[in-house]
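Here the structure comes first, spelled out in structure tokens, and everything after it is commentary.
The values are calculated or read from the model by the stated rules, or taken from the named source; none is laboratory data. In this text the structure is predicted, and so the values were computed from the model without any measurement. Glycine gets a Cβ as well: all are built from the backbone with ideal geometry, and neighbour counts include every protein chain shown. Note: areas computed on protein heavy atoms with side chains; ligands, DNA, RNA excluded. Shrake-Rupley method; radii C 1.70, N 1.55, O 1.52, S 1.80 Å.
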Amino acid sequence: MHWAERIARELIEKYPDRETYVCASGISPSGAVHIGNFREIITTYFVVKALERLGKKTRFIFSWDDFDRFRKVPKGIDRSYEQYIGMPYSEIPDPYGCHGSYAEHYEKGFEASLDAFGIEVEMIYQSKEYKSGRYNEYIKHALDCRCEIYDVLMDFKTQEPSQEERKAYYPVTVYCEQCGKDLTVIRDYDGCVLSYGCACGYEGVVTVLEASHMKLVWKVDWPMRWMVEDVVFEPGGRDHSDVGGSYMVSKEVVKRIF
Ligand SMILES: [Zn+2]
């Protein structure tokens, strides 16, 4: 039996009542998308096809993590791009000048190669989802449960948890409304309004349910999306499955928080 069929059968056995089997894949458009990224999507593609052969309805979603922060300037890109470090990929200009943003430049290139292979997939752009307000209630939920999330993270760490750290822990990134960067520190959250300060000097106050410049941290963002999209399958690198790796942590977060 092909590995994809074995996985498809396992999914059906595990979730016998699903009307639609949502299978996911995703990449951060940090630079040119290479063949290793292609493996990620093709793995999901094989499982989707196997589910369909077994008579199941599927939804194949591909998530562009383009609301992630720009971490470093890749080789071949002008050094002046250092000024954008800390901003989301979706808010940075295209270094080649041909697309609406840095993210879009790499997204469109990869999407064209998928088309060439005839792979049909539903694209989800996380910058759009986050900015649309679709996730705001879950951001609020995560903020309300921030101490419990801290406890989950600490379960995977060898260091002792601290009450001070627990009280100061916020599972969100706030992009500054003035400079657009994530060089912010959360000052306070009262269950509705959040205040922050930025390295640029700006002090901001936001109503969480109305914010469009906040993002959950990766290990909370990923499980939140599993819940929102009702994902049953998503491949990942082995490193994610190490103790304390994102998959292990996210699995606990989705169980205990979402
Ligand atoms: Zn700022």
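Looking at the stretch 12-129, send over the antiparallel percent of its DSSP beta bridges, to the nearest 5.
Numbers: 1 of 13 bridges.
Of the beta bridges lying entirely in the stretch 12-129, close to 10 percent run antiparallel.
Ranked highest first by average number of other Cβ atoms within 10 Å, how do 164-173, 247-256 line up?
Working: 164-173: 16.0, 247-256: 18.0.
Most protected by this proxy first, the peptides run 247-256, 164-173.
Working out 0.36 nm times the residue gap between LYS128 and HIS2, then minus their Cα-Cα distance, what length gain in nm do you get to one decimal? Please list the in-between numbers first.
On the way: separation 126, 0.36 × 126 = 45.36 nm, distance 3.66 nm.
Fully extending the segment from LYS128 to HIS2 adds 41.7 nm.
For LYS56, go through the aspartates and glutamates and keep the ones whose alpha-carbon is under 14 Å away, minus same-chain ones fewer than eight residues off.
Filter leaves GLU5, GLU10, GLU13, ASP17, GLU19.
How much net charge surrounds TYR170 when only other residues with a Cβ under 15 Å from its Cβ are counted (Lys, Arg +1; Asp, Glu -1)? Mind showing how you got there, number by number?
Numbers: positive: LYS140, ARG146, ARG166, LYS167, ARG187, LYS215, LYS219; negative: ASP144, GLU148, ASP151, GLU164, GLU165, ASP182, ASP188, ASP190, ASP221.
Net local charge, TYR170 excluded: -2.
No other cysteine beta carbon under 4.7 Å away is the test; run it over the chain and list who passes.
CYS23, CYS98, CYS145, CYS147, CYS192
So how far apart, in nm, are the two label points at CYS192 and ASP155 if each is 7 Å from Cα heading toward Cβ?
3.3 nm
Of all DSSP beta bridges in the chain, what percent run antiparallel (nearest 5)? Walk me through the numbers before you get to the answer.
Details: 14 of 28 bridges.
So the antiparallel bridges in the chain amount to around 50 percent.
Where a ≥ b ≥ c are the square roots of the eigenvalues of the C-alpha gyration tensor, would you call the stretch 113-258 rounded, which needs a/c under 1.5, or, failing that, prolate if a/b is larger than b/c, or oblate? Don't jump to the answer; show the numbers that get you there.
Working: a/c = 1.93, a/b = 1.21, b/c = 1.59.
It is oblate, given that a/c is not under 1.5 and a/b is not larger than b/c.
Compute the accessible area per residue over the stretch 142-258, keeping the other protein chains in place, probe 1.4 Å, unit Å². Please list the in-between numbers first.
Working: 5930 Å² over 117 residues.
It amounts to 51 Å² per residue over the stretch 142-258.
Read phi for every residue in the stretch 58-75 and hand back ³J(HN,Hα) as whole Hz from Karplus 6.51 cos²θ - 1.76 cosθ + 1.60, θ = phi - 60°, with x for Gly and Pro.
My calculation for the stretch 58-75 gives 10, 9, 10, 10, 10, 9, 8, 7, 8, 9, 6, 6, 6, 8, 8, 7, x, 4 Hz in order.
Does the stretch 66-189 come out rounded, prolate or oblate, given a ≥ b ≥ c as the square roots of the eigenvalues of its C-alpha gyration tensor, rounded meaning a/c under 1.5 and, failing that, prolate meaning a/b above b/c?
prolate
Quick one: how many lysine pairs in the stretch 107-205 have C-alpha atoms under 23 angstrom apart, if they're 8 or more apart or on different chains?
9
Which order do the peptides 43-50, 119-126 come out in when sorted by mean C-beta neighbours inside 10 angstrom, highest first?
Values: 43-50: 21.1, 119-126: 16.2.
Highest-to-lowest ranking by the protection proxy: 43-50, 119-126.
Starting from the 7 Å offset along Cα-to-Cβ, what nm value, one decimal, do you get for the label separation of ARG79 and HIS99?
A separation of 2.7 nm, rounded to one decimal place.
How would you classify the chain from its alpha-carbon gyration tensor, with a ≥ b ≥ c the square roots of the eigenvalues: rounded for a/c under 1.5, else prolate if a/b is greater than b/c, otherwise oblate? List each step's numbers first, then the result.
Working: a/c = 1.97, a/b = 1.25, b/c = 1.58.
Oblate, since a/c reaches 1.5 and b/c is not below a/b.
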